[in-house]
1. For 9, 34, which order do you get if you count the other beta carbons within 10 Å of each Cβ and list the fewest first?
2. Calculate the spin-label point distance for residue 3 paired with residue 70, positioning each point 7 Å from the Cα along the beta-carbon direction, and give it in nanometres.
3. So if I restrict to the alpha-carbon atoms in the stretch 5-91, what is the Rg, and what is Dmax, the biggest pairwise distance, in Å?
């Protein structure tokens, strides 16, 4: 399976936050550390906050930290929350396919 950049950056950010759980990390710091776009990392952070994996505090003295213990994070849930391609694939899988009348292949 090939991950999107959005998912890749989300996993990197979560690993950083898990490795140093006591510290508050800024988006700028993480972007410099991983040499990735600050703008893209802001989008990733918004996704992780909305999904409940990360807590963010704005303003001076603010930053990011994990919402709970690192051991409670399910990687599959992170991938599903951050990879929009999977969301559309799961949505297709829930729709009922109409049955055909007659044989599948005509002779």
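What follows is calculated from the coordinates using simple rules that are stated; it is not laboratory data. All figures in this text were calculated on a predicted structure; none of them were measured in a lab. Glycine gets a Cβ as well: all are built from the backbone with ideal geometry, and neighbour counts include every protein chain shown.
1. So the residues, fewest neighbours to most, are 34, 9.
2. With each label point 7 Å from Cα toward Cβ, the separation is 1.4 nm.
3. So, for the stretch 5-91, Rg and Dmax equal 12.5, 41 Å respectively.
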